[in-house]
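Any read-out appearing in this document is the output of simple, stated calculations on the displayed coordinates, not a laboratory observation. Quantities reported herein were computed from a predicted structural model and do not represent experimental measurements. Here Cβ is always computed from backbone atoms with ideal geometry, including for glycine, and neighbour counts include all displayed protein chains.
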Amino acid sequence: MTHDLSDPTTLSLLRMVGLGLVPDLFGPSMGAAPGQTPTAPDLTDTVSAVGALQSQDWNGALHTLATRDRNHSLVAVRRAFDGGGLVRTWPMRGTLHTVAAADLPWLLSATRDRTGRLTARRRAQLGISEQVLENALEVAHRMLSLRRCTRGEVVEEWRSEGLIEEVPGRAYHLFMTLCYRGHLALGPIGPDGGQLVVELSVAEPIGDPLAAYVRRYFTSHGPATLEDLARWSGLTKTVLKRYAIAARDRGELASTVAAGRELWHRPGLDAIPGDVLDAAARMVLLSGFDELILGYRDRSCTLAPELETRICPGGNGMFKHTIVEGGRVVGTWRRDRTGDPVPEFFATATKRRLKSFGDAVRRMPA
C-alpha cells in the first residue's frame with residue numbers, strides 16, 4: 001500500500017513501527033513484502049537496528065526495552081544485558097543510551113571527537129586532566145580484574161584514591177568520559193537490580209562510522225528530516241546531509257518530499273503492510289524518555305505542540321510517561337502507591353478509551 005507521508009498520523013505510526021514498537025509483527029531491522037509477516041527479531045537485534053535508545057532513567061529504560069521485546073519480557077532484557085549483547089553508555093549528547101555492544105565501534109567513533117570538544121570546558125572546570133582520567137581508568141581496571149563492581153563502588157574507590165576531591169559533578173564526568181571514549185560501560189544487572197560496570201576494548205570500526213550512523217537513524221527513526229538527525233546525534237547538518245545523499249545514491253536510503261519538507265527513510269517504505277500500522281495504532285504506554293518522543297526535533301506528528309508542557313512541565317528535561325493511541329499522545333500515566341498504572345488523559349476519557357488503557361496495561365512488562 002502507498003503511505004501518505006503528508007498525513008501526521010501515518011507519519012507517526014511509521015515511526016513507531018521503525019522504532020520497534022510493534023515487536024510481535026515487525027521490527028526495525030526487517031524488510032517487508034506484501035502478504036508476508038516477518039519473524040520478530042530478538043531484543044539485541046531490535047536495539048541494534050534502532051541504533052540507540054535513551055536510557056537516562058534505569059527503570060524507564062527497562063520499560064522501554066521490554067516494550068520492544070516480542071513477549072514484553074523483562075527477563076529478555078536481563079538476558080540481553082547479562083549476555084553482553086546490550087550495554088548502557090554515553091554515545092552522544094552527553095546522554096545515557098542503551099546500545100548493542102557490537103555497535104560500539106562505529107557509534108563511539110562517529111561521535112567521540114565532537115562529544116570531547118563539547119565537554120572539554122566542563123572537564124577543565126572540574127579539573128579533570130588526562131592524567132586524572134588515566135589514573136581513574138587504572139583504578140577501575142584494577143577493581144574489575146578482581147571482582148564485579150557497581151558504578152557506585154568504582155566511584156567510592158576513586159574517592160579513596162583522591163581522584164574525586166569532593167568536587168560536585170567530577171565523578172559523573174569522569175565516568176561519562178571513560179565511557180564515551182570506549183573504556184567502560186554499564187552492563188550486566190546485579191543482584192540489587194542495578195547495573196555492573198564492564199571494561200571494554202572497542203576496536204576501530206570497519207568502514208566510515210558516519211555512513212553507518214546516518215543509515216541506522218533513518219532506517220529506524222524515519223521518516224524523519226536532517227534536522228531531526230542533527231538534533232538526535234549532536235552532529236552538524238552539513239556533514240549529515242552529505243552522507244544521507246550518498247546513502248540514497250547507493251540505494252541504502254530513500255527520501256520523499258511531503259508537506260514541503262524532505263523526509264528520509266528506509267527504501268521500500270510502502271511495503272510495510274497495513275495490518276502492521278493498525279497494530280501500531282493500538283494504545284501503548286511508553287516510559288518518559290522513549291525515542292518516539294525524544295528522538296526527533298519535530299515530534300508534532302505524535303505530540304501536539306500545545307501539549308508539550310503537559311508531558312514536560314516547566315521544560316526541565318524531565319518527561320512524564322506517555323499514553324499513545326492512534327500514533328498520538330493522548331495523555332500521561334503514573335503509578336499509584338500500589339504500583340498500578342493510573343491514566344491522566346488530556347480529554348475526558350470514554351469507556352472505550354478506558355478499556356483500551358486496561359488492555360494496554362495488560363500488555364505492559366510485568
Kirkwood-Stokes translational diffusion coefficient of the chain, alpha-carbon pairs, 4 °C, 1.567 mPa s, µm²/s:
61
Using alpha carbons only, how many degrees (0 to 90, rounded to 10) separate the axis of helix 351-363 from the longest principal axis of the chain?
40
Kirkwood Rh in Å, taken over segment 140-294 so that all alpha-carbon pairs contribute
19.3
Compute the distance in nm between two label points, each set 7 Å from the Cα along the Cα-to-Cβ direction, one at Ala304 and one at Glu262.
3.2
Where the Cα atoms of segment 47-199 are projected onto their three principal axes, how long is each span, largest first, in whole Å?
46, 33, 24
Efficiency of FRET from Cβ geometry, Arg334 and Ala203, R₀ 30 Å, rounded to 0.05
0.10
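Quick one: plug the Kirkwood hydrodynamic radius of segment 280-363 (C-alpha pairs) into Stokes-Einstein at 4 °C, 1.567 mPa s, and report D in µm²/s. Please list the in-between numbers first.
Details: Rh = 13.1 Å.
In µm²/s, the coefficient is 99.
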Could you check the simple spin-label distance between Arg142 and Thr236, using points 7 Å along Cα→Cβ, in nm with one decimal?
4.3
In debye to the nearest 20, how big a dipole does segment 271-366 give about its Cα centre with +1 on each Lys and Arg Cβ and -1 on each Asp and Glu Cβ?
340
For segment 107-119, take each phi angle, set θ = phi - 60°, evaluate the Karplus expression 6.51 cos²θ - 1.76 cosθ + 1.60, and give the result in whole Hz per residue in order, putting x for glycine and proline.
4, 5, 5, 5, 10, 4, 5, 5, 4, x, 5, 6, 9
If I model a spin label as a point 7 Å beyond the Cα along the Cα-Cβ vector, how far apart are those points for Leu354 and Arg121 in nm?
5.3
With a Förster radius of 25 Å, plug the Cβ-Cβ distance of Met1 and Glu252 into 1/(1 + (r/R0)^6) and report the FRET value to the nearest 0.05.
0.65
For Asn135 and Asn59, what is the calculated FRET efficiency with R₀ set at 35 Å and r taken between the beta-carbons, to the nearest 0.05?
0.60
Residue-by-residue Karplus 3J(HN,Hα) for segment 42-47, coefficients 6.51, -1.76, 1.60, Hz, glycine and proline x:
7, 5, 4, 4, 5, 4
Going 7 Å from the Cα of Ala347 toward and past its Cβ, which residues in segment 1-24 have a backbone nitrogen under 20 Å from where you end up?
7-13
